[in-house]
1. Are any of the pairs LYS55/LYS85; LYS212/LYS261; LYS7/LYS85; LYS7/LYS205; LYS107/LYS151; LYS33/LYS212 more than 19 Å apart by Cα-Cα distance, and if so, which?
2. Suppose R0 equals 30 Å; then what is the FRET efficiency for ILE235 and ASP111 from their Cβ-Cβ distance, rounded to the nearest 0.05?
3. Give the carbon-plus-sulfur fraction of the accessible surface of the range 188-249 in %, rounded to a whole number; probe 1.4 Å, heavy atoms of protein chains only.
4. Tally up the carbon and sulfur contribution to the accessible surface of the range 46-142 as a whole percent, 1.4 Å probe, everything protein left in place.
5. If all Cα-Cα distances of the range 112-262 are sorted into 5 Å bins from 0 onward, what percent lands in each bin, rounded to whole numbers?
6. Can you give me the pair-distance distribution of the range 48-107, C-alpha pairs, 10 Å bins, whole percents?
7. Among residues other than GLU249 whose Cβ falls under 13 Å from its Cβ, what is the net charge (Lys/Arg +1, Asp/Glu -1)?
8. Provide the percentage of antiparallel DSSP beta bridges, counting only those with both residues in the range 100-228; round to the nearest 5.
Amino acid sequence: MQFPRTKVGGLSVSRMIIGTNWILGWSHQGPAKDKLITSLNDRKNIANILEVFFKAGVDTIMGPLTQHPQANAAIKDAEDKTGVKCIRVDTPMLNVKDTVRDKDETKRILDQVAATGAQICLPHHTSVEQLLDKSTEEIRRLDEYTAMIRKRGMIPGLSAHMPEVVTYSDNHNYDVETYIQIYNCMGFLMQLEVEGVAKLIQNAKKPVMTIKPMAAGRVTPFVGLTFVWNSIRDIDLVTVGTMTPYEAEEVVEMSLDILDKR
């Protein structure tokens, strides 16, 4: 059974997105766990994880891929082995200072992102949130960056830990096709209560890529995935990271069962 799909900016993507925190070493639990992740996941092991997802129709991956050549190499290995073309959602950290030199640096970064084959580009939340103006409820100079992304043939979106990013973008009809938003039953790292973020997602004008469904390992896959899949729209997505191929098999099978009400 192939995984359900949705569209982002006209591009067909799997509703489950492969997360990269648990292969690149961002556990949100401490340096020891980060080291465990990176010690286990070399290029071969990452490719083995991706192969499981790809075979199940989960062909979309998210993360700062350009900044991690090992991840891009593993994607290529898994593509070659499965014959599946991976959809890359890159979240680069951009220099958003308003000078010619800084903008030239950002253009170089986006050139690199495009060169790796990313189809969707969402500037990292740490970059986006520097542009947020709460007094005017705007995202200053955002159009400059979305134009840079479009010029390089990629679909623009916004990584957003701050819920205001989604609201301001929708209100101003900025040229973005999707949002990232933290969403889990614990409220882990969320800046609003769970009910507030649920309402934000339901009202968003564009598909939302939810992240951290299991609160970085603080809830079990059954609890975390059951909650998120049953409280988002059919156009929205869930980003799930795993450390092993066995975990990848588990979250795919469990998610299919949840979506099919089994």
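The values are calculated or read from the model by the stated rules, or taken from the named source; none is laboratory data. Just so it is clear, the model here is predicted, and its values are computed rather than measured. Methodologically, a virtual Cβ is constructed for each residue, glycine included, from the backbone with ideal geometry; neighbour enumeration extends over all protein chains shown. In case anyone asks, the SASA skips ligands and DNA or RNA and just uses the protein heavy atoms, side chains included. Shrake-Rupley method; radii C 1.70, N 1.55, O 1.52, S 1.80 Å.
1. Going by Cα-Cα distance, LYS212/LYS261 fall outside the 19 Å limit.
2. Given R0 = 30 Å and the Cβ-Cβ separation, E is 0.45.
3. On the range 188-249, the fraction of accessible area on carbon and sulfur atoms equals 60 percent.
4. 49
5. Each 5 Å bin holds this share of Cα pairs: 2, 9, 18, 20, 18, 15, 11, 6, 2, 0.
6. Distribution as computed: 22, 40, 19, 15, 4 percent.
7. -4
8. Expressed as a percentage, antiparallel bridges in the range 100-228 total about 20.
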